[in-house]
Amino acid sequence: MSEREQPRRETVTLIDNATGRRVELPVRRGTHGPAVIEIGRLYKELGYFTYDPGFLSTASCRSAITFIDGERGVLLYRGYPIEQLAEHSTFLEVAYLLLYGELPDREQLRRFEDTITHHTMINESLKSFYQGFYHDAHPMAIMVGVVGSLSAFYHDSTDIRNPRHREVAAHRLIAKMPTIAAASYKHSVGEPIVYPRNDLSYVGNLLRMMFAVPTEDYVVHPVAERALDLIFILHADHEQNASTSTVRLAGSSAANPFACVASGIAALWGPAHGGANEAVLRMLAEIGNVRNIPKYIAKAKDKNDPFRLMGFGHRVYKNYDPRARIIRRMCHEVLRELGDDNDPLFELALRLEEEALRDEYFIERHLYPNVDFYSGLIYRAIGIPTNMFTVMFSIARTAGWVAQWMEMIADPEQRIGRPRQLYDGPPRRDYVPLEQREPARAAGGVHFQGEARVTD
Ligand code: CMC
């Protein structure tokens with residue numbers, strides 16, 4: 001190819017209006033979605049950092065796992081639409097897809113299911129960890145602690161530079177999360193831990209470990225099993241969300257995968273992220289009656305009121321969350337089969353959604369129900385207690401976390417995650433000896449006014 005025929009490298013030029021200096025920055029295009037401007041050289045060439053709190057316009061990595069088109073309400077795992085996976089697949093098949101990039105053939109799936117099934121037991125010593133938690137500890141707090149501690153059990157097989165070690169760690173995490181989660185529930189209700197059984201499905205096993213007792217076994221209801229499997233498919237990955245980015249950031253320092261996933265669980269817990277499913281049910285219970293809907297919609301719109309409509313809005317979706325559409329349909333089926341089709345909270349949720357979607361405030365801001373608006377109602381119908389909702393999310397999201405972690409470690413472009421900052425604290429100043437300091441006008445320390453009293 002002659003020089004004249006060389007394809008032109010796509011660039012954008014940034015001009016510093018103060019100095020007239022310019023820098024040409026390369027543009028990189030992915031398969032779908034907006035192209036990115038590579039700004040790695042910006043500081044060296046112009047002496048600037050970029051500032052983008054909350055990563056509104058910043059890609060933190062490249063990834064071939066999940067794609068979201070928030071404007072059109074599209075979600076793809078490895079290129080496959082979520083609607084097709086929800087209809088035809090199972091959670092373990094989706095986990096395989098996320099980890100290995102392709103749908104398995106029959107034998108690959110059988111072997112993967114077998115491997116996961118044979119890693120579900122936890123070390124007996126781990127059981128004593130639970131005794132260290134107070135009986136009313138939130139199960140998410142227990143999850144963070146117990147999952148983080150797994151590295152202590154597998155330190156001799158967690159060489160993260162060894163691809164086989166990484167794979168085994170991923171299998172262990174996917175396999176053991178249900179066992180660890182069910183045990184945290186059992187601890188919170190004061191019942192003995194139930195061991196996994198190899199003849200049950202992934203979610204069937206989880207349900208049994210949660211609800212069986214030594215005096216009575218638990219028969220898994222097929223509707224509950226299918227509903228939970230579907231919810232797990234929908235929650236399995238969601239590209240660079242807060243908890244996944246946390247896992248990647250922790251992993252970028254070469255921390256072990258168990259510690260990375262524990263940090264992801266901690267990030268997921270927040271009500272703006274995975275804690276929303278729990279918050280939705282609390283909110284519906286607080287609203288209590290359809291007559292109160294206008295009052296709560298007004299509260300959500302009031303900028304002086306911290307109240308937000310939980311389960312509404314999303315950083316990326318500016319259209320109906322495709323997962324919410326699927327789960328809304330499943331909600332009808334589950335309530336008909338397992339619960340009360342006239343469940344007043346479901347009625348309330350449908351009316352709240354209807355009224356919010358008609359409201360100018362929500363229309364203007366493209367605020368639609370997200371996946372968690374309905375997932376809690378399904379969990380409730382299955383009998384899962386509210387404080388376990390986010391734990392369920394963490395089990396499903398483990399598939400995405402480990403897939404993203406494995407992709408990151410294998411990426412030759414990966415470097416330790418080390419964001420820059422815009423420092424706006426005091427300029428350089430000299431230390432003042434204690435006896436020479438003026439009495440502080442606004443006394444040091446942090447004061448909370450009108451806040452609930454806390455023990456420090
Ligand atoms: N209720 C009322 N107003 C809202 C809501 C809401 N749920 N969500 C966003 N807004 C308003 C917000 O006040 C802002 O208004 P203005 O432009 O007048 O200042 C505007 O909409 C844009 O919101 P934002 O906070 O800038 O958007 P964000 O991308 O930073 O936040 C969010 C996204 C999911 C944190 C937020 O929508 C929210 O807090 N939703 C409720 C919690 C929730 O359901 N979270 C689950 C997310 S899906 C599951 C998961 O990913 O874990």
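The values are calculated or read from the model by the stated rules, or taken from the named source; none is laboratory data. In this text the structure is predicted, and so the values were computed from the model without any measurement. No Cβ is skipped: glycine too gets one built from the backbone with ideal geometry, and neighbour counts run over all protein chains shown. Just the protein is used for accessible areas: all its heavy atoms, side chains included, with ligands, DNA and RNA removed. Shrake-Rupley method; radii C 1.70, N 1.55, O 1.52, S 1.80 Å.
When you count the other C-beta atoms within 10 angstrom of each residue and take the mean per peptide, 430-439, 20-29, 380-389 line up highest first as 380-389, 20-29, 430-439. Summarising the overall dimensions of the stretch 327-405 from its C-alpha atoms, the Rg and Dmax are 14.9, 43 angstrom.
Extension gain, Asp305 to Arg420: 0.36 nm times the residue separation minus the Cα-Cα distance gives 38.1 nm. Quick check: Cα centre of the stretch 123-191 to Cα centre of the stretch 72-116, how many Å? Going from one Cα centre to the other spans 24 Å. Listed by chain and number, the lysines whose C-alpha is less than 29 Å from the C-alpha of Lys299, apart from same-chain residues fewer than 8 away, are Lys318. Derived from the Cα gyration tensor, the three semi-axes of the equivalent ellipsoid of the stretch 106-215 are 25, 19, 10 Å, largest first. From most to least packed by mean Cβ count within 10 Å, the peptides 171-181, 34-44, 237-247 give 171-181, 237-247, 34-44. What the Cα convex hull of the stretch 286-350 gives, in volume per residue, is 101 Å³. Of the residues Ile65, Ser201, Ile395, the one whose Cα sits farthest toward the positive end of the charge dipole of the chain, with +1 on the Cβ of Lys and Arg and -1 on the Cβ of Asp and Glu, is Ile65. Residue by residue, the stretch 75-83 carries 3J(HN,Hα) couplings of 9, 10, 9, 6, x, 8, x, 4, 4 Hz when phi is fed to the Karplus relation 6.51 cos²θ - 1.76 cosθ + 1.60 (θ = phi - 60°); x denotes Gly or Pro. Using every pair of distinct Cα positions in the stretch 229-325, the Kirkwood expression returns a hydrodynamic radius of 15.5 angstrom. Here Asn387 and Asn198 are evaluated by their C-beta separation; at R0 = 22 Å the FRET efficiency comes out at 0.15. Write down the accessible area per residue of the stretch 253-341 in Å², having rolled a 1.4 Å probe over the full set of protein chains. Accessible area per residue, the stretch 253-341: 47 Å². Backbone phi angles across the stretch 305-310, fed through the Karplus curve with coefficients 6.51, -1.76 and 1.60 (θ = phi - 60°), yield HN-Hα couplings of 10, x, 4, 10, 6, 5 Hz in residue order; Gly and Pro are listed as x.
Once you sort the root eigenvalues of the Cα gyration tensor of the stretch 33-148 as a ≥ b ≥ c, which label holds: rounded (a/c under 1.5), prolate (a/b larger than b/c) or oblate (the other case)? Oblate is the answer for the stretch 33-148, as a/c is 1.5 or above yet b/c matches or exceeds a/b.
Each peptide in 217-225, 87-95 gets a packing score, the mean of other Cβ atoms within 10 Å over its residues, and the list from highest to lowest is 87-95, 217-225. Shown here: the stretch 296-427, whose C-alpha atoms stretch 57, 38, 26 Å along the first, second and third principal axes, sorted largest to smallest.
Can you tell me what percent of all Cα-Cα pairs in the stretch 48-101 are more than 19 Å apart? For the stretch 48-101, the share of Cα pairs beyond 19 Å comes to 42 percent.
Rounded, prolate or oblate: which fits the chain when a ≥ b ≥ c are the square roots of the eigenvalues of the alpha-carbon gyration tensor, with rounded for a/c under 1.5 and prolate only if a/b beats b/c? Rounded. Spin-label model, Thr115 to Arg72: label points 7 Å out along the Cα-to-beta-carbon direction sit 3.4 nm apart. Cross-link partners for Lys127 among the lysines, with Cα-Cα distance under 22 Å and sequence neighbours closer than 8 places in the same chain left out: Lys176, Lys186. Taking a ≥ b ≥ c as the square roots of the Cα gyration tensor eigenvalues, the stretch 192-241 comes out prolate, since a/c reaches at least 1.5 and a/b is larger than b/c.
Look at the dipole of the chain built from charges on Cβ: of Cys260, Ile233, Ala175, the Cα furthest out on the positive end belongs to Cys260. Amide H contacts under 5 Å for Val12: Leu25, Val27, restricted to partners 5 or more places along the chain or on a different chain, H placed in the peptide plane at 1.01 Å from N.
Dividing the Cα radius of gyration of the stretch 152-306 by 2.2 N^0.38 Å, with N the residue count, gives 1.31.
Partner aspartates and glutamates whose Cα lies under 18 Å from the Cα of Lys301, excluding those fewer than 8 positions away in the same chain, are identified as Glu286, Glu353, Glu354, Glu355, Asp359, Glu360, Glu364.
If you wrap the tightest convex hull around every Cα atom of the stretch 85-152 and split its volume per residue, you get 127 Å³.
I'd like the distance separating the alpha-carbon centroids of the stretch 319-350 and the stretch 270-304, in whole Å. The two parts, judged by their Cα centres, are 17 Å apart.
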